[in-house]
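Remarks on the structure that follows.
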Ligand SMILES: C[S@@+](CC[C@H](N)C(=O)[O-])C[C@H]1O[C@@H](n2cnc3c(N)ncnc32)[C@H](O)[C@@H]1O
């Protein structure tokens with residue numbers, strides 16, 4: 001999968017909203033180690049360092065485009081590593097593990113949660129958010145375009161149609177079964193953005209430069225606000241991007257974890 005960090009960051013405010021809602025439910029006061037799994041362009045990782053200035057903060061991402069962007073704006077006290085989170089292991093037990101809008105791209109991530117929990121220190125926190133948008137017109141149309149013969153080259157072999165997201169209750173059961181105290185919820189965000197093509201611009205955070213002009217025109221038509229597209233018309237010249245997100249913060253028993 002290929003990302004366009006600049007395009008992705010155009011909507012940083014809206015994309016960061018669920019991250020802030022998630023972090024509001026993490027009560028660690030003074031963690032030593034904080035890791036952001038799938039840190040993307042790193043702007044939210046830096047916010048973790050702002051919240052916990054005494055912590056060693058690390059961002060992990062496997063996208064060369066994202067890590068290049070991160071390193072360009074790197075700041076002291078935050079370490080960024082290019083790695084696949086499925087294989088990555090921390091040097092020391094982690095107090096706070098965060099993952100925002102990433103695990104949906106990781107096949108078998110429900111099982112991976114067991115391994116992530118095993119990385120936590122006693123009393124440690126695991127907080128993540130996954131967008132459940134694979135049935136939305138944004139993703140179904142992109143999947144159809146990807147499958148169309150006119151497409152010139154793979155869209156970074158993105159498994160657009162096949163990402164997996166579970167119900168909040170499934171995450172809750174898995175984590176509770178591992179002994180964590182869990183707070184899970186689901187929120188649908190209606191991001192009202194300028195322009196009639198905001199859904200297309202939002203989706204272009206995933207690089208669509210392999211698409212032919214016809215494909216782009218098709219997506220533009222399908223995603224403009226209208227009753228037919230299913231995207232609400234908030235006001236003239238504006239569009240709505242609809243994102244349903246499962247979120248949860250969970251904590252291992254015990255003292256530690258930045259109490
Ligand atoms: C939608 S972006 C979210 C970025 C950031 N967390 C945010 O909220 O702005 C998803 C990120 O997950 C990364 N990612 C996806 N699968 C990954 C994996 N297996 N290992 C590491 N990073 C991964 C992508 O490269 C991308 O930067």
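The values are calculated or read from the model by the stated rules, or taken from the named source; none is laboratory data. As the structure is a computational prediction, the values presented were derived from the model and not from experiment. Don't worry about glycine lacking a Cβ; one is built from the backbone with ideal geometry, like all the others, and counts go over all protein chains shown.
The figures follow:
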| item | result |
| --- | --- |
| Filtered residues of the range 238-258 (kept if farther than 25 Å from residue 130 by Cα and either in contact with a helix residue (DSSP H, G or I) (Cβ under 7 Å, 6 or more places away or on another chain) or modelled with pLDDT of 85 or more (or both)) | 238, 254, 255 |
| Count of the range 112-135 residues which are under 25 Å from residue 92 (Cβ atoms), within 18 Å of the chain's Cα centre (by Cα) and more than 11 Å from the ligand (Cβ to nearest atom) | 5 |
| Pairs with Cβ under 6 Å, 6+ apart, first in the range 88-114 and over 21 Å from residue 172 (Cα atoms), second part of a loop (DSSP other than H, G, I, E, B) | 90/119 |
| Filter result (in a helix (DSSP H, G or I), modelled with pLDDT under 95 and over 16 Å from the mean Cα position of the chain (by Cα)) within the range 51-73 | 64, 68, 69, 71, 72 |
| Failed item in (1) in contact with a helix residue (DSSP H, G or I) (Cβ under 7 Å, 6 or more places away or on another chain); (2) at pLDDT 95 or above, with residue 96 passing the rest | (1) |
| Matching residues, the range 114-167, being exposed (fewer than 14 other Cβ atoms within 10 Å of the Cβ), in a loop (DSSP other than H, G, I, E, B) and modelled with pLDDT under 80 | 148, 149, 150, 152, 153, 154, 157, 162 |
| Number of the exception - residue 62 against (1) within 11 Å of the ligand (Cβ to nearest atom); (2) more than 21 Å from residue 251 (Cα to Cα); (3) crowded, with 20+ Cβ neighbours inside 10 Å | (3) |
| Condition check for residue 42: touching a helix residue (DSSP H, G or I) at 6+ places or on another chain (Cβ under 8 Å), crowded, with 22+ Cβ neighbours inside 10 Å and over 28 Å from residue 181 (Cβ atoms) | yes |
| Condition check for residue 33: at pLDDT 95 or above and within 12 Å of the ligand (Cβ to nearest atom) | no |
| Search result, residues across the range 74-86 that are in a loop (DSSP other than H, G, I, E, B) and either under 25 Å from residue 109 (Cβ atoms) or touching a helix residue (DSSP H, G or I) at 6+ places or on another chain (Cβ under 8 Å) (or both) | 75, 77, 83, 84, 85, 86 |
| Subset of the range 216-238 [under 16 Å from residue 139 (Cβ atoms) and assigned to a strand (DSSP E or B)] | 231 |
| Pairs with Cβ under 7 Å, 6+ apart, first in the range 117-140 and closer than 17 Å to residue 103 by Cβ, second more than 16 Å from the ligand (Cβ to nearest atom) and in a helix (DSSP H, G or I) | 126/117 |
| Criterion violated by residue 74 - all others in (1) touching a strand residue (DSSP E or B) at 6+ places or on another chain (Cβ under 6 Å); (2) more than 14 Å from the ligand (Cβ to nearest atom) satisfied | (1) |
| Boolean, residue 96 is away from the ligand (no atom under 13 Å from the Cβ), at negative phi and surrounded by 19 or more Cβ atoms within 10 Å (Cβ to Cβ) | yes |
